[in-house]
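**Student:** Quick one: the structure is below, questions incoming.
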Amino acid sequence: MKILFPADGSKYTKKALAFLVTHENLCRPEDDLVVLNVQIPMPPRVKGMVGARVINQYHQEEAQRVLDPIEKFLKRHQISHSLRYVVGVPALEIIRAVGKEGAHMVVMGTHGHGLLGRAMMGSVAQRVVTDSPVPVLLVR
């Protein structure tokens with residue numbers, strides 16, 4: 001089974017990762033875990049001021065800041081994985097990655113803002129649950 005694991009580096013990501021590795025039935029040695037970090041795009045005005053190269057380097061460094069500790073953790077637990085990062089709208093990029101990676105399931109942390117929080121600012125997890133063509137496991 002291939003599992004897509006969106007990671008933003010928050011404590012919710014860490015909790016979901018811990019849940020995943022402690023439940024052997026979710027992440028078996030023969031399974032493949034794809035860790036995805038989605039970087040929010042910079043406004044075009046900023047890109048024009050500092051240049052595309054600087055923006056690309058910034059996104060790469062920020063993604064590595066999130067992905068490096070996850071990679072160390074997964075290696076320590078001997079879990080087969082691959083790491084990816086993209087720039088875009090998080091929920092849309094996660095759904096896109098499901099198809100591109102051929103994922104069978106999405107496992108992700110959720111901030112758990114509740115109904116009022118989702119109404120006010122939206123929720124990546126809510127959009128993924130709504131739009132995902134595969135099952136989504138939310139860890140809170």
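The values are calculated or read from the model by the stated rules, or taken from the named source; none is laboratory data. All values reported here derive from a predicted model rather than from experimental measurement. When we count neighbours, we look across all protein chains shown, and the Cβ atoms used for this are built from the backbone with ideal geometry, even at glycine.
**Student:** Filter the range 77-112 for residues that are among the hydroxyl-bearing types (Ser, Thr, Tyr) and either part of a strand (DSSP E or B) or farther than 25 Å from Glu24 by Cα (or both) and give the result.
**Tutor:** Listed by number, the residues that qualify are Ser82, Tyr85.
**Student:** Every residue in the range 113-140 that is of a type in the set (Ser, Thr, Tyr), assigned to a loop (DSSP other than H, G, I, E, B) and modelled with pLDDT of 90 or more, please.
**Tutor:** Ser132 - this is the single residue of the range 113-140 that is of a type in the set (Ser, Thr, Tyr), assigned to a loop (DSSP other than H, G, I, E, B) and modelled with pLDDT of 90 or more.
**Student:** Additional query: Mind listing whichever residues of the range 1-60 are of a type in the set (Lys, Arg), within 16 Å of Val87 (Cβ to Cβ) and at pLDDT 90 or above?
**Tutor:** Arg53
**Student:** Tell me the residue from Pro29, Pro90, Pro41 that is in contact (Cβ under 8 Å) with a residue 40 or more places away in the chain and within 13 Å of the chain's Cα centre (by Cα), please.
**Tutor:** The conditions single out Pro90.
**Student:** Looking only at the range 69-92, which residues are within 27 Å of Thr22 (Cβ to Cβ), touching a Leu at 6+ places or on another chain (Cβ under 9 Å) and not basic (Lys, Arg)?
**Tutor:** Once the filter is applied, which keeps residues that are within 27 Å of Thr22 (Cβ to Cβ), touching a Leu at 6+ places or on another chain (Cβ under 9 Å) and not basic (Lys, Arg), the range 69-92 yields Ile70, Glu71, Phe73, Leu74, Ile79, Ser80, His81, Ser82, Leu83, Tyr85.
**Student:** Applying the selection to the range 1-52, what residues are polar (S, T, N, Q) and in a loop (DSSP other than H, G, I, E, B)?
**Tutor:** Hits for the range 1-52 are Ser10, Asn25.
**Student:** Within the bounds of the range 61-68, is there any residue that is part of a helix (DSSP H, G or I), at pLDDT below 95, under 15 Å from the mean Cα position of the chain (by Cα) and not β-branched (Val, Ile, Thr)?
**Tutor:** no
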